[in-house]
Amino acid sequence: MSRAQVTLEKNLILNDVSLAFRPGVVTAIIGPNGAGKSTLLGVAAGTVKPDAGTVALGGRDIRRLSAKHAARSRAVMPQDTAVAFPFSVREVVVMGRSAWNEHAATSETIAFHALDSAGLLHVAEREITTLSGGEKQRVAFARVIAQATPVTPDSVILLDEPTSAMDIAHAEATLTLARNLAGQGAAVGVVLHDIDAAAAYADHVVLMQDGRVRASGSVSDVCASEVLSEVYGTPIDVFERDGRRHVGPVRAHVS
């Protein structure tokens with residue numbers, strides 16, 4: 001993505017933003033509400049059209065790619081993972097294979113492995129409308145895994161707050177799976193509100209503020225107390241323990 005700009009209802013949402021998702025790298029996008037994180041991911045996915053700038057997927061302008069070609073190259077998990085119709089969990093995950101024009105048995109096999117990876121085999125035949133919010137997010141992530149199979153260095157996987165409704169165990173498992181996908185060669189971009197999780201799982205961190213990239217680099221470069229406290233408008237503590245950087249708010253003692 002090069003020098004992207006997005007204006008919505010005369011409000012400048014993204015301002016001159018450039019970003020590259022690299023193969024084998026987990027890039028975490030962090031920042032306060034309204035910073036432009038989801039819009040940035042939408043532009044990268046091709047679902048939000050920028051007023052200015054270009055977006056390349058596999059070296060080609062994403063706007064010139066067919067929907068099918070784009071779907072084979074990049075998989076997207078949006079914030080809103082709601083499914084209004086009573087499909088089974090298995091059917092929703094199989095939908096991730098719709099761009100591949102393959103035999104139904106192949107789609108079912110890939111969906112089975114995706115469900116297994118996400119720990120969802122026990123609910124595979126349940127109607128998705130009966131699941132909790134966190135379970136629905138896991139189904140959406142399993143669909144992404146199915147869509148991105150086989151993972152290659154040309155794969156791009158974009159996740160917008162994928163763990164926001166999950167309990168801590170499933171959130172950790174999901175982010176571990178995201179790291180595993182990068183380990184297989186995919187470029188993974190993930191919007192996170194949990195800064196500590198970003199510091200734990202990302203290789204590269206992009207800090208957004210008011211539609212711009214305030215800082216971009218390694219965890220140690222970006223996850224620093226001074227800049228995070230300023231951008232988020234609250235004191236944030238950053239410290240090293242057990243070989244990694246930990247991030248959390250400074251909380252007044254509550255009696």
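General observations
- Free of any chymotrypsin sites (Phe, Trp or Tyr not before Pro) that DSSP assigns to a loop and that have at most 16 other C-beta atoms within 10 Å, the longest stretch within the chain is 101-255.
- Karplus (6.51, -1.76, 1.60) ³J(HN,Hα), θ = phi - 60°, over the range 76-93, in Hz, Gly and Pro reported as x: 10, 10, x, 4, 8, 10, 5, 10, 7, 9, x, 6, 6, 4, 4, 4, 5, 5
- ARG251/ASN180 FRET efficiency (R0 35 Å; Cβ-Cβ; nearest 0.05): 0.60
- Candidates ILE110, ILE168, ILE195, ranked by Gaussian network fluctuation over the chain, Cα under 10 Å, top entry: ILE168
- The fraction of Cα-Cα pairs per 5 angstrom bin, counted from 0 for the range 45-159, comes to 2, 12, 22, 22, 18, 12, 7, 4, 1, 0 percent, rounded to whole percents.
- Dipole size of the chain about its Cα centre, with +1 on Lys/Arg Cβ and -1 on Asp/Glu Cβ: approximately 720 debye, rounded to the nearest 20.
- Paramagnetic label zone (point 7 Å from Cα along Cα-to-C-beta, ARG244; backbone N under 11 Å) in the range 188-228: 196-203
- Averaging the sequence gap over all C-alpha pairs within less than 8 Å and six or more residues apart, then dividing by the number of residues, gives the range 112-255 a relative contact order of 16 percent.
- Cβ-derived FRET efficiency at R0 22 Å, THR47 paired with SER98, nearest 0.05: 0.85
- Per DSSP, loop trypsin sites (Lys or Arg not before Pro) in the range 221-255 with at most 16 further Cβ within 10 Å: ARG251
- Fluctuation leader among HIS170, HIS193, HIS122 - the chain, Gaussian network, Cα springs under 10 angstrom: HIS122
- In sequence order, the range 230-246 has phi-based couplings of 5, 5, 7, x, 8, x, 10, 9, 10, 8, 9, 7, 6, x, 9, 7, 10 Hz under the Karplus curve 6.51 cos²θ - 1.76 cosθ + 1.60, θ = phi - 60°, and Gly or Pro positions carry x.
- Highest-fluctuation residue, GLY119, GLY31, GLY59 considered, GNM on the chain with Cα pairs under 10 Å: GLY59
- Residues THR81, THR174, arranged from fewest to most other Cβ atoms within 10 angstrom of their Cβ, appear as THR81, THR174.
- Mean-position separation - Cα centroids, the range 195-246 and the range 29-68, in angstrom: 23
- Listed by Cβ neighbour count within 10 Å, with the fewest neighbours leading, GLU125, GLU172 appear as GLU125, GLU172.
- Relative contact order of the chain: 26 percent, from C-alpha pairs under 8 Å at least 6 residues apart in sequence.
Values quoted throughout were computed directly from the atomic coordinates according to the rules given, and no laboratory measurement underlies them. As the structure is a computational prediction, the values presented were derived from the model and not from experiment. So basically every Cβ, Gly included, is an ideal-geometry build from the backbone, and we count neighbours across all protein chains shown.
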